[in-house]
1. What number of residues within the range 161-175 satisfy the criterion of being closer than 14 Å to residue 15 by Cβ and either modelled with pLDDT under 95 or crowded, with 16+ Cβ neighbours inside 10 Å (or both)?
2. Is it true that some residue in the range 66-74 is outside any helix (DSSP H, G or I) and out of contact with any helix residue (DSSP H, G or I) (no Cβ under 7 Å at 6 or more places or on another chain)?
3. Looking for something under 30 Å from residue 10 (Cα atoms) and within 15 Å of the chain's Cα centre (by Cα) - is there at least one such residue anywhere in the range 91-110?
4. Can you say whether residue 127 is at pLDDT 95 or above and either closer than 25 Å to residue 19 by Cβ or not in a helix (DSSP H, G or I) (or both), as far as the supplied structure shows?
5. Identify all residues within the range 57-81 that are surrounded by fewer than 13 Cβ atoms within 10 Å (Cβ to Cβ) and within 18 Å of the chain's Cα centre (by Cα); write none if there are none.
6. List every residue pair whose Cβ atoms sit under 6 Å apart, with the two residues 6 or more apart in sequence or on different chains, where the first one lies in the range 24-43 and is free of Cβ contacts under 8 Å to residues at least 60 places away in the same chain and on the phi > 0 side of the Ramachandran plot and the second, anywhere, is surrounded by fewer than 18 Cβ atoms within 10 Å (Cβ to Cβ) and in a helix (DSSP H, G or I).
7. Does the range 137-151 hold any residues that are part of a helix (DSSP H, G or I) and surrounded by fewer than 20 Cβ atoms within 10 Å (Cβ to Cβ), and which are they?
8. Just a yes or no: is a residue in the range 152-160 in contact (Cβ under 8 Å) with a residue 24 or more places away in the chain, over 25 Å from residue 40 (Cβ atoms) and surrounded by fewer than 19 Cβ atoms within 10 Å (Cβ to Cβ)?
């Protein structure tokens, strides 16, 4: 039997990646929406589930030859780690991030996410919602940093909460549907 004929023995890593992305996104955007302060809770979740869990899911998606999942989970996992580095700024000889540089940072992520959204047009509607709301979130946060208008950040926070909850739903629906062997929750 050739490698091409072997059936993968790796479980679907997407629910782990979606849950990791979702809970971290909800927490961060509770902060962006002025509901909770930025704290170690968000940083720790960003490192563990936002970063590590998504990177693991992305590597597993590479093994499964899922280009979309591998790219998305790995990239967004490293997004969380880079964001934590930006917040902590352990490189004291380098200037801390300012609003203008953060605006560009978030704009680049918005462009990447928009292109990934285009990739979701062949996937389930729930995944399309995750990437569409994530695109809008990055755009709003970028505009908020460029303009200094706090209300735009707050609006972005609410969009981010919807985005995170939709990712949690999508991941958990995949688990529930798989465990029952039939569609129990629509995707």
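The values are calculated or read from the model by the stated rules, or taken from the named source; none is laboratory data. Remember, it's a predicted structure, so these values are computed and weren't measured experimentally. For neighbour counting, all protein chains shown are included, and Cβ atoms are generated from backbone atoms with ideal geometry for every residue, glycine included.
1. Number satisfying all stated conditions: 9.
2. Yes, the conditions are met somewhere in the range 66-74.
3. Scanning the range 91-110 turns up at least one residue that is under 30 Å from residue 10 (Cα atoms) and within 15 Å of the chain's Cα centre (by Cα).
4. Here the answer is yes, as residue 127 does meet what is asked.
5. 67
6. Qualifying pairs under 6 Å: none.
7. Hits for the range 137-151 are 143, 146, 147, 150, 151.
8. Checking the range 152-160: not a single residue is in contact (Cβ under 8 Å) with a residue 24 or more places away in the chain, over 25 Å from residue 40 (Cβ atoms) and surrounded by fewer than 19 Cβ atoms within 10 Å (Cβ to Cβ).
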